[in-house]
Amino acid sequence: MSRWEPNARGRLEQAAMELYLERGFEQTTVEEIAKRAGLTERTFFRHFADKREVLFAGQAVVQEFLVSAVADAPEAAAPMDAVGAAFEAVGALFEERRESVRRRQAVVAANAELQERELIKLATLSSAIADMLRRRGVPDPAASLAAEAGVAVFRIAFERWVSDTSPRDLPYFIRESLDELKTLLLCLRLGESPGGS
């Protein structure tokens, strides 16, 4: 086999996803992934630390994108609006890869270890967003609350989007979930019951 493997990373990602969906994450080995991709295990480990990393390799890019979007929000933007806009922007990126994101989520949802890893990823995102809000002059606990609420909004919107069969995009669900949160908070402030009852 030649030393140059065109699109090795992409081939490994595709092979891994196929096997995870066919056989399950736990039952799939790195050797099988490499073989399906027509590559060696050594090539696999040049691109990924382990088989979980195939599913989580884009985490740093998403985090950097979100933090940059919060940093670039208008100075007058309220913390929650800056965070909401950042998640909408990342939602548009996810929308471009809707089917592969849905397939990845099916693999994660079927494995407790991967679900735990996903929660750690979301906590890391929240921490990074809160840090950026603090750099923008938002004091605590407001910075932490806005970041945590933004992650919760995104998670709920993402779950709805993944299971939705309509043409509505992820940014739509993010906006809708953020509006629901704002309505809930307003109701609580006014001492009313959410939903008008």
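The values are calculated or read from the model by the stated rules, or taken from the named source; none is laboratory data. These numbers come from a predicted model, not from an experiment. With ideal geometry, Cβ positions are generated from the backbone for all residues, glycine too; neighbour counts draw on all protein chains shown.
Search the stretch 71-100 for residues being aliphatic (A, V, I, L, M) and more than 19 Å from Phe158 (Cα to Cα), and hand back the single one that is surrounded by the fewest Cβ atoms within 10 Å (Cβ to Cβ).
Of everything passing the filter in the stretch 71-100, Ala76 is surrounded by the fewest Cβ atoms within 10 Å (Cβ to Cβ).
Residues Pro171, Pro141: which one is out of contact with any Phe, Trp or Tyr (no Cβ under 9 Å at 6 or more places or on another chain) and not polar (S, T, N, Q)?
Going through Pro171, Pro141 in turn, just one is out of contact with any Phe, Trp or Tyr (no Cβ under 9 Å at 6 or more places or on another chain) and not polar (S, T, N, Q): Pro141.
Quick one: in the stretch 55-90, of everything that is β-branched (Val, Ile, Thr) and in contact with a Lys or Arg (Cβ under 9 Å, 6 or more places away or on another chain), which residue is nearest to Ala149 (Cα to Cα)?
Initially, the stretch 55-90 is screened for residues β-branched (Val, Ile, Thr), giving 61-62, 67, 70, 83, 90.
If we keep only those that are in contact with a Lys or Arg (Cβ under 9 Å, 6 or more places away or on another chain) as well, we get 62, 70.
Values: Val62: 17, Val70: 14 Å.
The residue in question is Val70.
Just the residues that are surrounded by fewer than 12 Cβ atoms within 10 Å (Cβ to Cβ) and closer than 20 Å to Pro79 by Cα, please, taken from the stretch 175-194.
Of everything in the stretch 175-194, those that are surrounded by fewer than 12 Cβ atoms within 10 Å (Cβ to Cβ) and closer than 20 Å to Pro79 by Cα turn out to be Leu186, Leu188, Arg189.
In the stretch 47-74, what count of residues is obtained for those that are more than 30 Å from Ala15 (Cβ to Cβ) and either polar (S, T, N, Q) or without any contact (Cβ under 8 Å) to a residue 12 or more places away in the chain (or both)?
3
Name, by its number, the condition in (1) within 25 Å of Gly24 (Cβ to Cβ); (2) in contact (Cβ under 8 Å) with a residue 40 or more places away in the chain that does not hold for Glu159.
Going through the list (1) within 25 Å of Gly24 (Cβ to Cβ); (2) in contact (Cβ under 8 Å) with a residue 40 or more places away in the chain, Glu159 breaks only (2).
Answer yes or no as to whether Glu99 is within 18 Å of Ser177 (Cβ to Cβ), in the same structural domain as Ser177 (by TED's automatic domain parsing), of a type in the set (D, E, K, R) and not in a loop (DSSP other than H, G, I, E, B). Show your work before the answer.
Working: within 18 Å of Ser177 (Cβ to Cβ): no; in the same structural domain as Ser177 (by TED's automatic domain parsing): yes; of a type in the set (D, E, K, R): yes; not in a loop (DSSP other than H, G, I, E, B): yes.
It is false that Glu99 is within 18 Å of Ser177 (Cβ to Cβ), in the same structural domain as Ser177 (by TED's automatic domain parsing), of a type in the set (D, E, K, R) and not in a loop (DSSP other than H, G, I, E, B).
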